[in-house]
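What follows is a short report on a single structure.
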Amino acid sequence: MGAVTDAINAEIEQLAVESVSPGLAELATSLARSVDEAEAPTAKAVAARELRAVMADLRRLAPVASKGDAVDDIAAHREKRRAAARKAAGG
């Protein structure tokens, strides 16, 4: 596979949208292959423009990821310290 195809497949996997919209995900992969394989600049530009639109749709469909932020990290560390203190105190 080419560089664009690899990057698009990695992003689709990261977005976890293949189960939500498998046809759109496959279209994105197909368009990425077209970008990688196109020799004519105009063909590459057309495929890239369509790929950009499909990826925008997939990003909108992506489930919201709940990643922790700095506040969550602090709260987790605080809870670990409290649990360790309770354990050390025998409780």
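Split the accessible area of region 4-91 by element, probe 1.4 Å, and carbon with sulfur accounts for 55%. Working note: Cα atoms of the chain, range along each principal axis, descending, whole Å: 72, 23, 19. When the chain is treated as a Gaussian network with alpha carbon springs shorter than 10 Å, the biggest mean-square fluctuation among Pro63, Pro22, Pro41 belongs to Pro41. Residue separation of Glu13 and Val71 scaled by 0.36 nm, minus their Cα-Cα distance, works out to 18.2 nm of gained length.
Under the convention that each Lys and Arg Cβ holds +1 and each Asp and Glu Cβ holds -1, the size of the dipole of the chain around its Cα centre is about 860 debye.
Helical content alone sets the calculated 222 nm signal of the chain at -25500 deg cm²/dmol, taking -39,500 (n - 2.57) per DSSP H segment of four or more residues and averaging over every residue.
Between the helical axis of 70-88 and the longest alpha-carbon principal axis of the chain there is an angle of about 30 degrees. Heavy atoms of the protein chains alone define the surface here; on that basis the chain has 72 Å² accessible area per residue at 1.4 Å probe size.
The values are calculated or read from the model by the stated rules, or taken from the named source; none is laboratory data. These numbers come from a predicted model, not from an experiment. Backbone-built Cβ (ideal geometry, glycine too); neighbour counts: all protein chains shown. Keep in mind that these areas ignore ligands, DNA and RNA; they rest on the heavy atoms of the full protein, side chains included. Shrake-Rupley method; radii C 1.70, N 1.55, O 1.52, S 1.80 Å.
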